[in-house]
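> Below is the structure I would like to discuss, written out as structure tokens.
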Amino acid sequence: MNRDMGDALIRVGRALRLVLLLALAVLFLVPFYLLLRNGLASEADITAPGWTFFPRELRWSNLRELFDDPSVPMAHALLNSALIAVATTLGTLLLASLAGYGLARIPYRRANAVFYAILGTLMVPAAVTFVPSFVLVSSLGWVSSLRGLIVPTLFSAFACFVFRQYFLGFPRELEDAAQVDGLGPWRTYWRVVVPNTRPVFASVGVIVFIGAWNAFLWPLVIGQDRDAWTVQVALSTFTTAQSVNMHELFVAAAVSILPLLLVFLLLQRYIVAGVERTGIDG
Amino acid sequence: MAASGSTRRRATPRERNQTLWFWVFVGPFAVGLVLFTYVPLAWSVWLSFFDARNTVSPTHFVGFGNYTAVLGDAAFRDALGTFAVFTAFIVPATYALSLALALAVGRLRRARAFFRSVFFLPTACSYVVAALIWKLSLFNGVRFGLANTVLGWFGADQVAWLSTTDPPWYWLVLVTVRLWLQTGFYMVLFLAGLQRIPPRLYEAAAMDGARPGWQTFRHITFPALRATSVAVVLLLVINAFQAFDEFYNLLSDARGYPPYARPPLVYLYYTALGQEQNLGLGSAGAVVLALIIAVATVLQARWFGLGRREEA
């Protein structure tokens with residue numbers, strides 16, 4: 001094969017790959033398009049027999065209609081989800097990072113046994129333990145309360161593991177210098193370690209936040225009363241059990257992913273770093 | 001308690017001080033983990049030996065009755081079968097698509113960030129929202145659904161995607177929704193794996209006359225991605241085992257959940273928290289599932305030799 005022909009083949013291959021990627025990218029964006037199209041259309045436009053690619057008029061009033069509809073507690077559900085996601089993220093970061101630091105840095109005879117006791121819970125996925133956890137939470141009287149939705153999810157062995165691995169690889173010099181300055185472990189942690197390891201906090205935090213915002217099974221099991229519904233439970237109830245106007249439901253779904261789209265656009269580099277860091281044991 | 005060392009000696013003040021600090025840092029997390037993971041697990045094992053309907057403090061001991069009941073329950077075996085079918089579809093599909101995307105996106109000179117973002121964006125979406133879009137718009141089974149509209153352009157008949165079992169089109173809906181949601185995540189894992197492959201491997205292969213493309217992929221890229229592949233497959237299987245959100249939201253309606261396509265967690269949900277609230281039977285089911293996943297994880301790890309370094 002002569003060289004020119006090889007080059008041409010490579011160029012054709014590259015162009016083909018780009019076309020394929022573009023087609024797939026369009027396909028991947030279709031669901032977002034459907035969300036917006038249906039969310040901003042009138043009911044008649046959505047159920048019309050011929051496909052209209054764009055609604056004849058963009059009805060931003062669907063938003064007001066959604067929040068004015070007393071039968072759909074969307075504002076309250078958004079508030080619940082925000083409270084739960086923020087509290088879960090902050091609580092998980094605090095508890096898991098402290099534990100991860102202790103395991104990585106403070107010498108203790110039985111540290112390994114403690115570490116394996118924590119690691120062992122990773123073998124039992126949280127989803128399989130929802131029945132026993134429900135038993136416990138209901139006997140505490142925490143069903144349909146924010147406490148019940150937040151507290152049991154705060155102890156993430158996974159986050160603890162990530163922090164431990166990260167702190168093991170963190171250079172000791174800074175902590176040694178802090179000790180020479182007379183700082184104890186507690187103040188060393190807050191004044192020296194935390195300020196210098198912000199990226200790992202950002203990565204874990206973003207991933208925990210996304211998980212908490214999108215969580216469904218636990219909020220479904222615990223948030224039984226209407227007042228304790230999260231966004232996901234509210235949307236699910238109207239998808240599966242009660243009927244509601246399509247345009248209202250779609251605009252509600254669009255509103256529900258807005259916070260995460262913002263997080264994604266602003267913090268993507270931390271998310272990607274977090275996925276790379278947490279997805280594989282390294 | 002025997003100390004780890006062979007000689008027994010008193011802890012020095014410095015060691016005692018460190019032990020104290022260790023528990024200051026680890027204690028709160030450890031207490032929570034015991035309270036919210038170990039206690040429920042133990043409680044559940046205890047419940048699984050009792051007739052516990054609508055109660056968490058039962059008195060009627062039934063021995064292994066719940067275990068024989070759950071293992072003899074055709075619905076429970078169906079749930080394991082559903083998981084097997086689902087895994088057989090979703091694991092290879094996600095693996096192949098995410099690896100292909102990573103290879104294609106990784107080689108781009110321009111617009112790499114754009115494509116990565118587009119494929120990664122669905123990760124922001126919840127299963128609930130995705131199921132809502134799939135169920136009410138994309139595959140809603142009536143003529144204004146997108147899939148049926150496209151079929152109509154080609155003159156094909158409409159399909160009732162979710163409510164027909166012959167052929168079981170609901171699998172297409174279930175698999176595509178998860179594929180859309182999770183592929184970007186695994187693509188990012190593969191992209192990271194690709195970046196760790198040292199360029200000198202490709203240089204050496206080129207010197208040896210390996211042509212870029214299939215040959216290089218088969219002999220260099222694919223073997224070098226071994227550790228990533230193992231991790232991806234493991235995560236995919238565990239996640240498929242825990243599938244609940246999309247099944248529940250796509251298939252249940254005002255009349256309840258249909259008798260088909262019930263994965264293990266949907267079975268558990270309706271057994272333990274449904275009408276009957278049979279917590280004894282549900283707990284026995286949870287214990288059996290936890291054992292299955294623990295054994296499967298260990299076997300898979302053994303099988304693939306997890307912990308072996310990337311061959312570089």
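Each value in this text was obtained by applying a stated rule to the coordinates, not by laboratory testing. It should be emphasised that the depicted structure is a prediction, and the values quoted were computed from it without experimental measurement. Note: ideal-geometry Cβ built from the backbone for every residue, glycine included; neighbour counts use all protein chains shown.
> What is the order of B:THR176, A:THR129, fewest Cβ neighbours within 10 Å to most?
Sorted ascending by nearby Cβ count, the order is B:THR176, A:THR129.
> If amide hydrogens are placed 1.01 Å from N in the peptide plane, which non-local residues have theirs closer than 5 Å to the one on B:PHE50?
Those lying under 5 Å, H to H, from B:PHE50 are B:VAL62.
> Where the centroid of each part is defined by its Cα atoms, how far is the stretch A:79-141 from the stretch B:218-265 in Å?
The stretch A:79-141 and the stretch B:218-265 have Cα centres separated by 24 Å.
> Enter the angle in degrees (range 0 to 90, nearest 10) between the Cα long axis of helix A:246-279 and the first principal axis of the Cα atoms of chain A, meaning the one along which they spread out most.
Computed tilt is about 40 degrees.
> Quote the Stokes-Einstein diffusion coefficient, in whole µm² s⁻¹, for the protein assembly as shown, based on the Kirkwood radius over alpha carbon pairs, a temperature of 20 °C and a viscosity of 1.002 mPa s.
D, rounded to a whole number, is 81 µm²/s.
> Same structure, new question: In peptide B:187-200, what is the residue-averaged number of other protein chain Cβ atoms found within 10 Å of each Cβ?
Numbers: counts 1, 7, 5, 1, 3, 8, 3, 0, 1, 2, 0, 0, 0, 0.
Taking the mean over all residues of the peptide, I get 2.
> Restricting to DSSP H runs of at least four residues, report the calculated mean residue ellipticity at 222 nm for chain B, -39500 (n - 2.57) per run over all residues, nearest 500 deg cm²/dmol. Walk me through the intermediate numbers first.
Values: 13 runs with 189 residues, N = 312.
Calculated from helices alone, the mean residue ellipticity at 222 nm is -19500 deg cm²/dmol.
> Which three semi-axes in whole Å describe the equivalent ellipsoid of the stretch B:177-281, each the square root of 5 times a Cα gyration tensor eigenvalue, listed largest first?
Details: eigenvalues 417, 34, 19 Å².
Square roots of five times the eigenvalues give 46, 13, 10 Å.
> Charges only on Cβ, +1 for Lys and Arg, -1 for Asp and Glu: so what's the dipole of the stretch B:68-304 about the Cα centre, in debye to the nearest 20? Mind showing how you got there, number by number?
Numbers: 17 positive and 10 negative charges, 227 e Å.
About 1100 debye.
> Something else: Please report the base-10 log of the normalised intensity I(q)/I(0) for the stretch A:46-157, using a Debye sum with one equal scatterer per alpha carbon and no solvent, at each q in 0.19 (1/Å).
Here log10 of I(q) over I(0) equals -1.11.
> At 222 nm, what helix-only mean residue ellipticity would chain A give, in deg cm²/dmol to the nearest 500, using -39500 (n - 2.57) for each DSSP H run of four or more?
Helix-only estimate at 222 nm: -22500 deg cm²/dmol.
> Per residue, how big is the convex hull around the C-alpha atoms of the stretch A:37-76? Give it to me in cubic angstrom, could you?
67 Å³
> In sequence order, what are the phi-derived ³J(HN,Hα) couplings for the stretch B:152-164 according to the Karplus relation 6.51 cos²θ - 1.76 cosθ + 1.60 with θ = phi - 60°, rounded to whole Hz, with x for glycine and proline?
After applying 6.51 cos²θ - 1.76 cosθ + 1.60, I find x, 4, 9, x, 7, 6, 6, 10, 8, 3, 9, 10, 10 Hz.
> In whole Hz and in residue order, list the ³J(HN,Hα) couplings for the stretch B:169-183 that follow from phi through the Karplus curve 6.51 cos²θ - 1.76 cosθ + 1.60, θ = phi - 60°; x for Gly and Pro.
For the stretch B:169-183, the Karplus curve yields 5, 4, 4, 4, 5, 4, 6, 5, 5, 6, 4, 4, 6, 9, 4 Hz.
> I would also like to ask the following. Rounded, prolate or oblate for the stretch B:68-199? Axes are the square roots of the Cα gyration tensor eigenvalues, ordered a ≥ b ≥ c, and the cut-off for rounded is a/c under 1.5.
Numbers: a/c = 2.56, a/b = 1.35, b/c = 1.90.
Verdict is oblate for the stretch B:68-199.
> What ranking do B:TYR270, B:TYR202 get, fewest neighbouring Cβ atoms within 10 angstrom at the top?
Lowest to highest Cβ neighbour count: B:TYR202, B:TYR270.
> Write down Rg/Rh for the stretch A:103-174, rounded to two decimals, with Rg from the C-alpha atoms and Rh from the Kirkwood relation over Cα pairs.
1.10
> Counting other Cβ atoms within 10 Å, keep those with at most 11, restrict to DSSP loop, and tell me which chymotrypsin sites (Phe, Trp or Tyr not before Pro) in the stretch A:29-93 are left.
Counting only loop positions with at most 11 other Cβ atoms within 10 Å, the chymotrypsin sites (Phe, Trp or Tyr not before Pro) in the stretch A:29-93 are A:PHE53, A:TRP60.
> Per the Debye formula with a single identical scatterer at each Cα and no solvent contribution, what log10 I(q)/I(0) holds for the stretch B:68-304 at q = 0.13, 0.17 Å⁻¹?
Normalising to I(0) and taking log10 leaves -0.92, -1.26.
> Quick one: which residues, 5+ away or cross-chain, put their amide H under 5 Å from the amide H of B:TRP161? H built at 1.01 Å from N.
B:GLY141
> Scale the Cα Rg of the stretch A:114-222 by the rule-of-thumb value 2.2 N^0.38 Å and send over the ratio, two decimals. Numbers along the way, then the final one.
Values: Rg = 17.7 Å, N = 109, 2.2 N^0.38 = 13.1 Å.
Normalised Rg, Cα atoms only: 1.35.
> Under the rule that an exposed site lies in a DSSP loop and has at most 16 other Cβ atoms within 10 Å, name the longest stretch of chain B with no trypsin sites (Lys or Arg not before Pro) of that kind, not counting the sites themselves.
Answer - B:11-106.
> Could you tell me what % of all Cα pairs in chain A have separations over 36 Å? Display every interim value, and only then the final one.
Values: 14244 of 39621 pairs.
For chain A, the share of Cα pairs beyond 36 Å comes to 36 percent.
> Also, I was wondering about something else. Ranking A:TRP186, B:TRP23 by Cβ neighbours within 10 Å, fewest first, what do you get?
A:TRP186, B:TRP23
> Tell me, how many Å apart are the Cα centres for the stretch A:211-235 and for the stretch B:105-152?
Centre-to-centre (Cα) distance: 24 Å.
> Here's another thing I want to ask about it. Return P(r) of the stretch A:3-112 (all Cα-Cα pairs; 10 Å bins starting at 0; whole %; ordered from short to long distances).
11, 17, 17, 17, 17, 15, 5, 0
> Of all alpha-carbon pairs in the stretch A:141-282, indicate the percentage at a distance above 26 angstrom.
Here the long-distance tail beyond 26 Å is 45 percent of all Cα pairs in the stretch A:141-282.
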